[in-house]
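In what follows, a single structure is set out as structure tokens and then discussed.
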Amino acid sequence: MTTDEQVDVSIPLDRPTAARAYDWLLGGKQNYEVDRQFILEGLKKFPQVLDSARQNRQFLYRAVRYLVEEAGIEQFIDMGCGLPTNSNVHQVAQRFNPNARVVYVDIDPIVLAHGQALLAENESTTVITADFRDPNAVLEHPDTKRLIDFSKPVATLFLSVAHFLRDQDEVGKGAKHALRHIVDEAAPSGSYFVLSHMVVADPEKKEWIKQFAAKAGMPVQIRTTDEVDALMAGLEPVEPGLVNINDWRPDPAQPDLNPVPPELHPFVGASEKNKELFEYGGVLRKP
Ligand SMILES: C[S@@+](CC[C@H](N)C(=O)[O-])C[C@H]1O[C@@H](n2cnc3c(N)ncnc32)[C@H](O)[C@@H]1O
């Protein structure tokens with residue numbers, strides 16, 4: 001890994017961050033009281049968020065393994081990669097193809113700080129601090145240019161992050177541009193796109209989540225499955241299509257995640273009883 005970025009890793013403790021809150025759901029240790037309180041508050045209304053976060057991370061493993069083993073992909077851009085946990089994209093990809101290369105992208109500099117330690121010895125993987133609402137900043141980054149060869153197929157991953165993209169935003173050109181610019185404009189035919197997106201059908205519940213996240217300084221746009229389908233128009237979903245990601249090629253033998261933190265045990269299994277919120281997505285191919 002190389003990077004010469006000077007990053008100010010000032011850690012906001014007066015508000016939660018998405019990277020740290022999600023880290024707690026996955027059983028990580030890089031989170032603070034403010035993040036945990038945010039999660040506990042949200043789980044009162046939507047207890048299935050715990051399962052869906054963990055199901056999302058397990059989908060990541062299956063999707064990356066599919067891309068390397070079955071689709072022959074060896075380069076990845078992981079947008080909004082989050083804090084390192086077990087089975088990170090480069091570890092899954094390089095397990096099945098040691099030549100796989102990965103550019104991790106996240107807006108939160110804490111991710112770079114922790115990623116640097118993880119990747120110190122890994123020349124084919126890098127972490128960059130960038131805003132995925134500006135895909136050109138990712139494309140123009142020297143580490144992207146060094147690791148990704150756009151004359152060959154590339155997989156762009158937006159896992160549990162597309163709900164941070166609003167159709168209209170003060171930064172960038174909106175959700176569709178952020179999601180599609182690289183796959184549509186920079187990547188060749190035969191490239192792949194991996195998506196998971198928090199979906200809710202009920203407009204009042206969508207609005208509740210929007211307000212709840214906005215109060216914590218996290219603007220989001222929760223969509224319906226139809227709205228997500230529209231964002232993916234023109235790409236070809238591989239079997240079984242865009243689905244609840246828990247149903248995307250399930251594999252009971254895949255590696256486990258870190259254990260659920262004890263305070264979250266009461267919420268385990270909530271997604272089986274209530275499916276009003278889930279992560280919807282799949283793997284799509286650029287024709
Ligand atoms: C829920 S985590 C998802 C982590 C990982 N993709 C996964 O599926 O396991 C969301 C991540 O997106 C990052 N993020 C949110 N908005 C972003 C933006 N505009 N640009 C880059 N990263 C962003 C957050 O910092 C956080 O680390």
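Quick note: the coordinates plus some simple rules give every number you see, no bench work behind them. Predicted model only: the values in this text are computed from it and were never measured. Please note: Cβ atoms are built from the backbone with ideal geometry, for glycine as well, and neighbour counts cover all protein chains shown.
For LYS29, give me every one of the lysines with a C-alpha distance below 23 angstrom, ignoring sequence neighbours fewer than eight places off in its own chain. Partners within reach: LYS44. Relative intensity of the chain on a log10 scale, I(q)/I(0) at q = 0.08, 0.16 Å⁻¹, equals -0.30, -1.41, per a Debye sum over C-alpha point scatterers of equal strength in the absence of solvent. Whole-Hz Karplus values for the range 216-224 come out as 8, x, 10, x, 9, 10, 7, 10, 8 Hz, taken residue by residue from phi with 6.51 cos²θ - 1.76 cosθ + 1.60 and θ = phi - 60°; glycine and proline positions read x. Would you calculate the separation in nanometres between label points at ASP247 and ALA120, each defined as 7 Å from the Cα along the Cα-to-beta-carbon direction? The modelled label-to-label distance comes out at 4.6 nm. Spin-label model, LYS273 to LYS152: label points 7 Å out along the Cα-to-beta-carbon direction sit 5.0 nm apart.
Pick out, from LEU13, ILE128, LEU231, the residue whose Cα sits farthest towards the positive end of the charge dipole of the chain, with +1 on the Cβ of Lys and Arg and -1 on the Cβ of Asp and Glu. The one lying farthest along the dipole's positive direction is LEU231.
Full extension of the chain between ARG15 and GLU33 yields a length gain of 5.5 nm, computed as 0.36 nm times the residue separation minus the alpha carbon distance. In a reduced charge model with +1 at each Lys and Arg Cβ and -1 at each Asp and Glu Cβ, the chain shows a dipole moment near 380 debye about its Cα centre. Work from the charge dipole of the chain (Cβ charges, +1 for Lys and Arg, -1 for Asp and Glu, about the Cα centre) and give the residue of HIS181, PHE212, TYR32 farthest towards its positive end. Highest projection toward the positive end goes to PHE212.
Which helices count as membrane-span-like in the chain under these terms: full DSSP H, at least 27 Å along the axis by C-alpha, Kyte-Doolittle mean of -1.0 or more? Helices meeting the criterion: 49-69.
When a/c is below 1.5 the answer is rounded, else prolate if a/b is larger than b/c, else oblate, so apply that to the range 158-197 with a ≥ b ≥ c taken from the square roots of the Cα gyration tensor eigenvalues. The shape class here is oblate.
Once label points are set 7 Å from the Cα along Cα→Cβ at both ASN99 and ALA233, what is their separation, rounded to one decimal in nm? Computed distance between label sites ASN99 and ALA233 equals 3.8 nm.
Here the peptides 243-256, 120-133 are ranked by packing, the mean other Cβ count within 10 Å, and the order with the highest first is 120-133, 243-256.
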